[in-house]
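A short write-up of the structure that comes next.
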Amino acid sequence: MTENKPKPVPITQSASTSLTNIRNEELFSENDEELYPPLAHGARFAAPIDKSVLASFGMKEDEIQAFQQQRQRYINKDKIFSDEIKIPNKSDMIDYHQLHILSPVDGANASRLLNKLAVIKLNGGLGSRMGCKTSKGSFEIAPGISFLDMAVAHIEQINQDYSVDIPLLIMNSFKTHQETLKNVEKYKNHRISIKTFQQSKFPKMYKDTLNLVPKPNSQFNPKEWYPPGSGDLFRALQSSGILDELISSGKEYLFISNIENMGAIIDLQVLNHIHLQKIEFGLEVTSRINTDSTGGILMSYKDKLHLLELSQVKSDKIKAFKDFRFWNTNNIWINLKAIQALLKDDKLILDWIVAYPNDDHKAMVQLETPVGMGIQNFKNSVAIFVPRDRYRPIKSTSHLLLAQSNLFQFDHGQVKMNPKREGLDVPLIKLGEEFTQISEYEKRFKSIPDMLELDHLTVSGDVYFGSDVTLKGTVIVVANHGERIDIPDGVTLENKILSGTLRILDHLNFC
């Protein structure tokens, strides 16, 4: 392959409409690499890294092979054929609301089917976007209720209701493993089998040369290493022996999701369809909304389903994909024997995404593979179009405010809309940078406002909310630079715009 070759755009199953409203010659120049963050000049000619060097860090044979392959694919990017990129048709996807017709559930066989299932929660990251230093699984979304608590409560309830044994598997990274081992101790007497396993750690590389950041024979420094993405799940399942163990115990299917997605619950209707239609890989997608900025979109490339992570694309090319409206929830259903067969034949190839962390003013590279990109490898892979309530991730304090409000209720690990809320839509919430860190967020809300009748909330600047505040309709609160707004206790704001400096001590009604 030539040095300037970029990489195939990930995509979806049967699709139709080509890139619309965009002329290919404007999007993809002769140097197709323009779509992706370009390689540094020196990196184009980076020499291979000797296996003995990687082994000296304690990396296992399969980890060394995975790292070297990923690095080589990054250097030798595959060419993108822009005319093969298409927008998938919704009609080609499985409609969640039609599953009861397509694959009706036989109640008598529900327990037998559920006993074929294992659940994996992806717990490799820290809540660093919100300034948290703990694993996402241990993050509390309500007093005394963590994401891990919710996952355990949900599976335990199903095990009890159907008299089944669905195990919970937790994939950690080196950043979260020890903490999670301690956390799961409290579930010893629960009706659930919990097993943790750890994904690999890969060495970071310098962006300009792709040389390794860690030095041989040096003490381990976590800043020089990274978890190589959720796509490492397949290799980690195999190397840990868990894959063979699950199959030998009669398990046939995996349901995989991010631990911070409160909407990712076991759905018997989806599982039944996966089983009856002999689907090897089912990816749940949902409608993309304006606030969906970090994640993946479903596409079709050469008439196969692929997933494109927006972080793969240069910022000035993102607009090219504005019409791709099917968003990856990362709720994934996979046949275990299909995984086993692909791994045995070494045919499970995942596209990568690249991040450029900086340390000591030196640009670095880390290559990650998302598990959803496995969709292009499986024979019978499908996209399942699901409602937004199966995608309720907590990625920011704006999401957290929604989850902690009276819009939702928690019931045995499930999040349900408050029946007092009219309609199923959730409000659009945009909290400014002053609320980004969880410590500041907690200081700025004396208590979580009543948002049952809220449609839109935008808050920017130095703003503080008192207790028992009610928000209705569209509320915009903007404190300009050097100003501060204090919303007093007991206030109701309905269809109001507040700006300037406001520090009111009396209980007022702004309706």
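The values are calculated or read from the model by the stated rules, or taken from the named source; none is laboratory data. These numbers come from a predicted model, not from an experiment. Note that we place each Cβ from the backbone using ideal geometry, even for glycine, and neighbour counts take in every protein chain shown. Ligands, DNA and RNA are stripped out before the accessible areas are found, and what is left, the full protein with its side chains, is counted by its heavy atoms. Shrake-Rupley method; radii C 1.70, N 1.55, O 1.52, S 1.80 Å.
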| task | Report yes if some residue within the range 89-98 is touching a residue at least 12 places away in the same chain (Cβ under 8 Å) and open to solvent by less than 10 Å² (accessible area, probe 1.4 Å); otherwise report no. | result | no
| query | Any chance the range 92-107 includes a residue that's of a type in the set (Phe, Trp, Tyr) and either outside any helix (DSSP H, G or I) or touching a helix residue (DSSP H, G or I) at 6+ places or on another chain (Cβ under 6 Å) (or both)? | reply | no
| note | Here the residues within the range 274-285 that are at negative phi and open to solvent by 10 Å² or more (accessible area, probe 1.4 Å) are HIS275, LEU276, GLN277, GLU280
| Here are GLN376, GLN409: which of them is among the polar types (S, T, N, Q), open to solvent by 10 Å² or more (accessible area, probe 1.4 Å), touching a strand residue (DSSP E or B) at 6+ places or on another chain (Cβ under 7 Å) and assigned to a helix (DSSP H, G or I)? | GLN376
| task | Of the numbered conditions (1) of a type in the set (A, V, I, L, M); (2) over 27 Å from ALA355 (Cβ atoms); (3) at pLDDT below 95, VAL469 fails exactly one; give the number of that condition. | result | (3)
| request: Test GLN238 against the criterion of being surrounded by fewer than 18 Cβ atoms within 10 Å (Cβ to Cβ) and either assigned to a helix (DSSP H, G or I) or β-branched (Val, Ile, Thr) (or both), and give yes or no. | output: yes
| field | Pair list, Cβ under 9 Å, 6 or more apart: the range 440-452 residue over 18 Å from LYS420 (Cβ atoms), other residue open to solvent by 40 Å² or more (accessible area, probe 1.4 Å) and part of a strand (DSSP E or B) | value | LYS443/TYR464; ARG444/ASP462; ARG444/TYR464; PHE445/TYR464; LYS446/TYR464
| the range 113-135: number of residues that are under 30 Å from GLN277 (Cβ atoms), within 14 Å of the chain's Cα centre (by Cα) and assigned to a loop (DSSP other than H, G, I, E, B) | 0
| task | List the number of the failed condition for ILE297; all other conditions in (1) in a strand (DSSP E or B); (2) surrounded by fewer than 22 Cβ atoms within 10 Å (Cβ to Cβ) hold. | result | (2)
| message | Going through ASN290, ASN330 one at a time, which residue ends up being in contact with a Leu (Cβ under 9 Å, 6 or more places away or on another chain), assigned to a loop (DSSP other than H, G, I, E, B) and open to solvent by 10 Å² or more (accessible area, probe 1.4 Å)? | response | ASN290
| request: Identify the residue in the range 50-72 that is basic (Lys, Arg) and open to solvent by 70 Å² or more (accessible area, probe 1.4 Å) and, among all such residues, is nearest to ASP208 (Cα to Cα). | output: LYS51
| said: Just checking, does the range 119-128 include any residue being among the basic types (Lys, Arg) and surrounded by fewer than 24 Cβ atoms within 10 Å (Cβ to Cβ)? | reply: no
| task | Please name all residue pairs, on different chains or six or more residues apart, with Cβ atoms under 7 Å, provided the first residue is in the range 335-357 and is closer than 19 Å to LEU283 by Cβ and the second residue is basic (Lys, Arg) and not in a strand (DSSP E or B). | result | LEU336/LYS251; ASP351/LYS7; TRP352/ARG73
| task | Take the residues in the range 49-75 that are among the charged types (D, E, K, R) and not in a helix (DSSP H, G or I), then tell me which one is farthest from PHE324 (Cα to Cα). | result | ASP50
| task | Inspect all residues belonging to the range 38-48 and state whether any of them is part of a helix (DSSP H, G or I), under 22 Å from TRP327 (Cβ atoms), at pLDDT below 85 and open to solvent by 20 Å² or more (accessible area, probe 1.4 Å). | result | no
| query | Pick from ASP83, ASP78: which is part of a helix (DSSP H, G or I), open to solvent by 50 Å² or more (accessible area, probe 1.4 Å) and either under 30 Å from ASN189 (Cβ atoms) or touching a residue at least 12 places away in the same chain (Cβ under 8 Å) (or both)? | reply | ASP83
| task | Among what's in the range 143-157 and is open to solvent by 20 Å² or more (accessible area, probe 1.4 Å) and either within 21 Å of the chain's Cα centre (by Cα) or modelled with pLDDT of 95 or more (or both), pick the residue that is farthest from LEU271 (Cα to Cα). | result | ILE145
| request: Output the qualifying pairs, or none if there are none: Cβ atoms under 7 angstrom, residues six or more apart or on different chains, first residue in the range 410-431 and at pLDDT below 95, second residue among the acidic types (Asp, Glu) and open to solvent by 50 Å² or more (accessible area, probe 1.4 Å). | output: PRO427/ASP455
| message | Out of everything in the range 341-362 that is touching a strand residue (DSSP E or B) at 6+ places or on another chain (Cβ under 9 Å), open to solvent by 40 Å² or more (accessible area, probe 1.4 Å) and in a strand (DSSP E or B), what residue ends up being farthest from GLY295 (Cα to Cα)? | response | LYS362
| said: more than 20 Å from ILE170 (Cβ to Cβ) and in contact with a Ser or Thr (Cβ under 8 Å, 6 or more places away or on another chain): which single residue out of PRO216, PRO228 fits that description? | reply: PRO216
| request: State whether one or more residues within the range 215-222 are surrounded by 19 or more Cβ atoms within 10 Å (Cβ to Cβ), not acidic (Asp, Glu) and not in a loop (DSSP other than H, G, I, E, B). | output: no
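Residues are listed down the side, and each one gets a yes or a no for (1) open to solvent by 20 Å² or more (accessible area, probe 1.4 Å); (2) assigned to a strand (DSSP E or B); (3) within 18 Å of ASN290 (Cβ to Cβ):
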residue: LEU307; (1), (2), (3): no, yes, no
residue: ASP316; (1), (2), (3): yes, no, no
residue: ALA320; (1), (2), (3): no, no, yes
residue: ILE334; (1), (2), (3): no, yes, no
